[in-house]
1. Picking from Ile8, Ser231, Met156, whose Cα lies most toward the positive end of the charge dipole for the chain (charges on Cβ: Lys, Arg +1; Asp, Glu -1)?
2. Which angle from 0 to 90°, rounded to the nearest 10, does the C-alpha axis of helix 33-48 make with the longest principal axis of the chain?
3. Once you keep just the Cα pairs under 8 angstrom separated by 6 or more residues, what percentage relative contact order results for region 130-241?
4. With point charges of +1 on the Cβ of Lys and Arg and -1 on the Cβ of Asp and Glu, referenced to the Cα centre of the chain, which listed residue (Ala39, Asn68, Met133) lies farthest in the positive direction of the dipole?
5. Angle between the Cα long axis of helix 50-61 and the longest principal axis of the chain, 0 to 90 degrees, nearest 10?
6. Ignoring ligands, DNA and RNA, please state the percent of accessible area on the chain from carbon and sulfur, probe 1.4 Å.
7. Taking the highest mean first, how do the peptides 227-238, 164-175, 60-71 order by number of other beta carbon atoms within 10 angstrom per residue?
8. Could you give the accessible area per residue of region 1-47, probe 1.4 Å, as a whole number in Å²?
Amino acid sequence: MWTVAQYIPVALFSLKPATATSSGGKTLICPTPFAIKMALLDAALRTLGQNEGKRLWPTIRDLRLMVNLPERVSVINTFTKIVRPKKHGPSDDSGTGLMTPLGSTIAYREYVSFGGAIQLAAQLATEDTIPVMLTDLFPQINYLGKRGGFVQLLKMPDQVGQSNLSTDQGWITLTEDQAQFSFGGTLQILDDCGSKMTFDHADIYSSKRITLGKERILRHIVLPYQVARSSRGFTLYERIP
């Protein structure tokens, strides 16, 4: 059985690829398996505590995931002013005599506006039973991707069979190689949790580093969406019939 949760975005979504830099990089138009699993782990830590979150982490890490996006997805691109540490240390740029460690610069940003609800489906990797844990954690997720991409749960999660999650219904597999994909679709490089990723790697207070290609792996997923319209300030994607 699969646990399916449906969310409505209440803010713009943004999530840069794992290879993007801090000052630039196009956003993904789909939540990554890594982001979804981190959201579930965050929910477990907030509601159940650290010990229970640590116990549940291997199960969360190995989850099978699918996503169903709305018919239309719009990407808004803009430039924004940000502050970041100065490369050569604190300096007095304004002539006031104050040494400041931060400087302002311009960064490229993209934000996604979903034209409807987002559905997430998860299944335990080791057994085909009703995962009560997921039914409890999915309602606790309040944002996906970059902090501030808030979502609102529409109803309590449902339990459905594999036959209800076909590609004809818009479902996209995120954690496995695609058996088939739409020609002319949009390629997305999504990050996921590797089998060697421990709770200490996921713990932000731990000194253990996450290495791309080992604890954090990349999956090449073709989404069934193509560019329908674009201009200087936006790009509109529509699902391929």
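1. Selected residue: Ser231.
2. Approximately 90 degrees, to the nearest ten.
3. Over region 130-241, the number comes to 21 percent.
4. Of the options given, the answer is Ala39.
5. The two axes meet at around 70 degrees.
6. Carbon-and-sulfur percentage of accessible area, whole number: 52.
7. Top to bottom by mean Cβ count within 10 Å: 60-71, 164-175, 227-238.
8. I get 35 Å² per residue for this part.
The values are calculated or read from the model by the stated rules, or taken from the named source; none is laboratory data. What you see is a predicted model; the values in this text were computed from it and never measured. All Cβ positions, glycine included, derive from the backbone under ideal geometry; neighbour counts span all protein chains shown. Only protein heavy atoms, including side chains, enter the accessible area calculation; ligands, DNA and RNA are left aside. Shrake-Rupley method; radii C 1.70, N 1.55, O 1.52, S 1.80 Å.
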